[in-house]
Structures are given as C-alpha cells and as structure tokens.
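Engineer: Just passing along the structure, written as structure tokens.
The values are calculated or read from the model by the stated rules, or taken from the named source; none is laboratory data. Remember, it's a predicted structure, so these values are computed and weren't measured experimentally. Please note: Cβ atoms are built from the backbone with ideal geometry, for glycine as well, and neighbour counts cover all protein chains shown. Surface accessibility is based on the protein's heavy atoms, side chains included, excluding ligands, DNA and RNA. Shrake-Rupley method; radii C 1.70, N 1.55, O 1.52, S 1.80 Å.
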Amino acid sequence: MGRRTAEPYKIKSVETLSMLSYEERKESLKRAGYNTFLIDSEDVYIDLLTDSGTTAMSDEQWGALMTGDEAYAGSKSWKKLEKAVQEFYGYQFVLPTHQGRGAENILSQLKIKDGDYVPGNMYFTTTRAHQEMNGAKFVDIIIDEAHNPTIDHPFKGNIDLTKLQKLIDEVGAEKIPYVCLAVTVNLAGGQPVSMRNMKEVYELCQTYQIDVFFDATRCVENAFFIKEREEGYAEKPIAHILKEMLSYSDGCTMSGKKDCLVNIGGFLAMNDEELYIRSRELVVVYEGMPSYGGMAGRDMEAMAIGIREAVDDHYIEHRIGQVRHLGDQLIEAGVPIVLPIGGHAVFLDAKSFLPHLKQDEFPAQALAAALYLDSGVRSMERGIISAGRNIETGENNRPELELVRLTIPRRVYTNNHMDVVVDSIVDLFKKRDEIGGLKMDYEPPTLRFFNARFSPLATSNELISEQNKKVSIE
Ligand code: PM9
C-alpha cells in the first residue's frame, strides 16, 4: 500500500449533523413528495445533493467578510474580485452576477436570436433553459462515449468536431451565436475536456467567426484532469493549466458557488469590449450595479480569495481524491457507477442498479429517495426528470443516462462520511430488487426537477418492501 494522504486543512469550527430515525426519515420523505430537493436540510444526515454553494470557506475568507465594502457604487471589494478573475482566468472584462444563471441569462439575451442553434457538450438544466427561452435550439455535440456510463474515456466531456462541423454545414455559421463548452461536464458525470479538444474547437470556430463561451463552473477540476491525463502537463501548476484552458475561449459564464469556493455569486467574463458594454447594461437591469451584481461586498471579498485558494495544487488533488475515495469503494463492491469517476461527484447508474424499473417509473428519482430513507444521505436525480420535456413536441426528453448524483461539497466532509455513504449504497444494492418505482403527482412547467412531487407506485405505498428495511444509522 502506498503512503496515505490527508486533508490539506484542519477543522476550526464544526456543525452538528442531525441523525433521524427510519420512521422520521420516512415521514420527511413523504412530506417532500419523494423529491430530495424538497427535504428539509435539518432532516438530512450527509448532504450530497449538490456541490453548489455548499463549500466550507477558509479562515482567510471568513476574516475577509469583515472587510467587505458595501458601497452601492464603486465597491473596493469588487475591484479585488475583478482583479482576481483577470489574473487567474485571463479575461479582460468581468461583470458580477448573483450566481451562474444570472450570467447565462445576460449572455443568452445578448447573443441569441430566434431560430438560432447553440451547440454544447451535453446540456445543463439552467443553461439550456436560458438558451431556449431566448429562442435557440440546444444541440448536443458531445462525443458519443459520454452517453455510455460504462466507457472509460479520459476526456469524456470532449466535443465531437465532426458533429460541430456537420451542424455548421447544415444550419450555417450565422445561425450559431456561440458554442457553449462546459468544463467539466456536469451531467455526463463531471467528465473533463482535454486541452487539445478546447484548442481544436476554438480554432474551428475562429475560421467561421463563431464565439466560444465556456461554462467555467468547474474549470479548476477540469484543469486537474488535464494535469493528470494529458501529455505535457504533469509538471505544470494548476493555475498555469487553467489560464491556458480559458485562453481557448472568448469568454465564460461562471457559477462561483463551485470552483470559486464560495456560497453565493458568479460572473460573466469576456474579451470583447462591445459585448461587455452591452452586458453591463443588462447587469444593471437584472443583477444590480456592475460593481456588485447581486452580491454583497463581503461575498466578493470571499470569492476573490476563493479563486486563488482553488488553484492550490494540494487543495485540488485532495478534492478529486475524496471523490475517488467514494467511487473506488463502490466500484469494488460491484455497484454500477459512471466511469471514469468525475470531478465533483460520483454518479450511480440507476438504470443498471434498478433494471426492473422502466424509465417512466423514474429509477433515478426512486433510488435517490431510497438512499435517503436508508441512511439520511441526500443525493440528486439526474435523469428523465431533470431532462424535462422537448420544447417542440412536449414529449419527455429521454436521456441515455439515468443517474443519481452523489455530489461532494468542497472541504466539508471527511472520508469517514464517504465510508458511511458507501455502506448505505452497498446495503441498498444487495436489496435492490425490493426498491419500487415512483409516479409523478405534480409536474411544474419549467425545471421540473426542483419542485416535482411523487409517490410510490407500489400498492402498499412503500418505496422499499417493509420486510427488508434496514437502517444503517439508527
Ligand atoms: N449547478 C448543481 O447542483 C446547482 C443547480 S442544480 C440545477 O450542479 C453548471 C455546469 C452548473 C450550474 C449549477 C450552473 C448554474 C451552470 N452550469 O446555480 O446559477 O452545474 O450558480 O449555476 C448546480 P448557479
């Protein structure tokens, strides 16, 4: 066995976790309509719903909160944030937004015309919603391997250049306002894009004068995979790799709630001054003054520091290592997960986990609910419910991937917590035949996964057959 490593930080403040009984969790799940988004946080033991805004901030960040400049205009905290983005991301112009979707809204409104096409490496829920609301059709041009959870490809987030070229030939470059390239790809399992692919996409787009905008939400995690897997990068610092990655784009939208290591905030960045001036006008309409954009001065102080802390090589190595600590144990136990293990989460392959359930019985939603019931671990459905309906036909989109995401907040849990999650999932896997499907009782018209409500299909109205219920934390 190689020498073990530990967290590159020590704990200064603790938050007590709640540990409900099986019966209490059962009640809580019912109240939430079997949707993990609707479970009260105080009823959750280990919260792997999302890595978004759930980061533990450092003492330096907490200290900086007191120095926040809350001026309505010209905040010096904004100057610090702007400088950090320019220094570490390399873009010339930056605008603050309340979170990532604020930046997506502004970019989509300014770039998209009715009838346009926005190609991207797999959709993301809020990103696609903004594109569609502004009249575009999203076109998935990720490599085919990304849709198969069992294929172990080092850069499963890559764009298929043939698919991109084909779309350009079919609809014409003037109908493509920009290519949206996510690093890493959330719904593919946190899969990275190679530096080479980014460069090739950028070069192809340049020949047609099509912009490339990155969804940079998890760009630091992507940089780690390049360092680890792509020739020529092993000795380069993460900060250096990140800057090279972003140089193959015209701008980015950013949810600071992930790789900027903060609980709220985001930004829109670009190199085109004319677009910047137009974007600034919309920031005033939707977000606030361009010197705060929906964030408090203290939030901007914390984000400026988080941007720097995130590119620390020790931090990111441990971060990815913790995700693997969870995923590797599940693989060893034979639990089907998306391969290879990605950057921010381990994704259970609900189709293989619960092969007896049809996609219309919502296997991923049912598995997420069963996991909560078993151990109080909260996860998130990323399957047919998240995929929503086709805007033209109204039919359910039917993604190949029917997944449950175990998303690991940054710097929050220890590997012991991950071990508890493993035990619960392995127990559930042993009694997987007993897990029933769900029916949807309430379907919201947009982004339905947030507020949809379900109930068990079984006549007994039980999600897991009664005789088999096992409780791991009682
Ligand atoms: N991601 C997540 O849990 C939070 C919302 S769940 C719908 O994964 C990408 C790749 C994201 C993302 C949010 C956003 C939006 C954009 N791109 O939540 O608005 O993963 O800051 O960012 C969530 P905001």
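Engineer: With a ≥ b ≥ c the root eigenvalues of the C-alpha gyration tensor of the stretch 1-139, is it rounded (a/c under 1.5), prolate (a/b larger than b/c) or oblate? The partial results should precede the final answer.
Structural biologist: Details: a/c = 1.90, a/b = 1.20, b/c = 1.59.
Since a/c reaches 1.5 but b/c is at least a/b, the shape of the stretch 1-139 is classed as oblate.
Engineer: My understanding is that a pair violates if its Cα-Cα distance is over 22 Å; which of Lys358/Lys430; Lys111/Lys257; Lys163/Lys257; Lys358/Lys439 do that in this structure?
Structural biologist: Values: Lys358/Lys430 20 Å; Lys111/Lys257 24 Å; Lys163/Lys257 31 Å; Lys358/Lys439 11 Å.
Beyond 22 Å: Lys111/Lys257; Lys163/Lys257.
Engineer: Would you mind checking the radius of gyration and Dmax of the stretch 234-288 based on alpha-carbon positions, in Å?
Structural biologist: 13.9, 45
Engineer: In addition: Could you give the angle, 0 to 90 degrees to the nearest 10, between helix 363-375's Cα long axis and the longest principal axis of the Cα atoms of the chain?
Structural biologist: 70
Engineer: Considering the convex hull of the alpha carbon atoms of the stretch 103-195, report its projected area averaged over all viewing directions, in nm², one decimal.
Structural biologist: Working: hull surface 23.3 nm².
Quarter of the Cα hull surface area: 5.8 nm².
Engineer: Using +1 at the Cβ of each Lys and Arg and -1 at the Cβ of each Asp and Glu in the stretch 26-86, identify which of Ala64, Ser75, Gly53 lies farthest towards the dipole's positive end.
Structural biologist: Ser75
Engineer: What 222 nm value per residue comes from the helices of the chain, counting each DSSP H run with n ≥ 4 as -39,500 (n - 2.57) and dividing by all residues, nearest 500 deg cm²/dmol? Present the calculation step by step, with values, prior to reporting the outcome.
Structural biologist: Values: 16 runs with 182 residues, N = 474.
Only helices count here, giving -11500 deg cm²/dmol.
Engineer: Just list whichever of Lys83/Lys156; Lys30/Lys156; Lys76/Lys236; Lys80/Lys236; Lys83/Lys113 have alpha carbons separated by over 30 Å in the model shown.
Structural biologist: Details: Lys83/Lys156 32 Å; Lys30/Lys156 37 Å; Lys76/Lys236 32 Å; Lys80/Lys236 26 Å; Lys83/Lys113 32 Å.
Among Lys83/Lys156; Lys30/Lys156; Lys76/Lys236; Lys80/Lys236; Lys83/Lys113, the Cα-Cα distance tops 30 Å for Lys83/Lys156; Lys30/Lys156; Lys76/Lys236; Lys83/Lys113.
Engineer: Search the structure for amide H atoms under 5 Å from the amide H of Asp211, placed 1.01 Å from N in the peptide plane, and list their residues when 5 or more places away or on another chain.
Structural biologist: Answer set, sorted by chain and number: Val179.
Engineer: Can you list residues from other chains, or at least 5 along the same chain, whose modelled amide H is less than 5 Å from the amide H of Asn35?
Structural biologist: HN-HN under 5 Å from Asn35: Phe454.
Engineer: Same structure, new question: Counting pairwise Cα distances across the stretch 323-386, what percent come out greater than 17 angstrom? Working shown, then result.
Structural biologist: Values: 849 of 2016 pairs.
Looking at the stretch 323-386, the distances longer than 17 Å represent 42 percent of pairs.
Engineer: Angle between the Cα long axis of helix 161-171 and the longest principal axis of the chain, 0 to 90 degrees, nearest 10?
Structural biologist: Orientation of helix 161-171: about 70 degrees from the principal axis.
Engineer: Right, something else. Rounded to the nearest 10 degrees, what's the angle between the helix 415-430 long axis and the longest principal axis of the chain, both from Cα atoms, 0 to 90?
Structural biologist: 50
Engineer: For the chain, count all C-alpha to C-alpha pairs, find those more than 30 Å apart, and express that count as a whole percent of the total.
Structural biologist: Values: 50217 of 112101 pairs.
Taking all Cα-Cα pairs of the chain, the fraction more than 30 Å apart is 45 percent.
Engineer: In whole Hz, with x marking every Gly and Pro, tabulate ³J(HN,Hα) for the stretch 79-85 from phi via Karplus 6.51 cos²θ - 1.76 cosθ + 1.60, θ = phi - 60°.
Structural biologist: 4, 5, 5, 4, 5, 5, 5
Engineer: Another one. To the nearest 10 square angstrom, what accessible area does Tyr202 show with a 1.4 Å probe?
Structural biologist: Result for Tyr202: roughly 40 Å² accessible.
Engineer: Something else: Leaving out same-chain residues fewer than 8 places away, which aspartates and glutamates sit with a Cα under 16 Å from that of Lys175?
Structural biologist: Asp114, Asp116, Glu132, Asp140, Asp211
Engineer: Kindly report the accessible area of the chain per residue (heavy atoms of protein chains, probe 1.4 Å, no ligands, DNA or RNA), in Å².
Structural biologist: On the way: 19480 Å² over 474 residues.
I get 41 Å² per residue for the chain.
Engineer: If I compute solvent accessible area with a 1.4 Å probe over the protein chains, what percent of it on the stretch 11-120 is carbon and sulfur? Write out the running numbers ahead of the final one.
Structural biologist: Values: 2700 of 5180 Å².
Result for the stretch 11-120: 52 percent of the exposed heavy-atom area is carbon or sulfur.
Engineer: If you don't mind, another one. Between rounded, prolate and oblate, where does the stretch 187-297 land on the alpha carbon gyration tensor, with a ≥ b ≥ c its root eigenvalues, rounded for a/c under 1.5, else prolate if a/b exceeds b/c? Each step should come with its number before you reach the end.
Structural biologist: Values: a/c = 2.45, a/b = 1.42, b/c = 1.73.
The shape class here is oblate.
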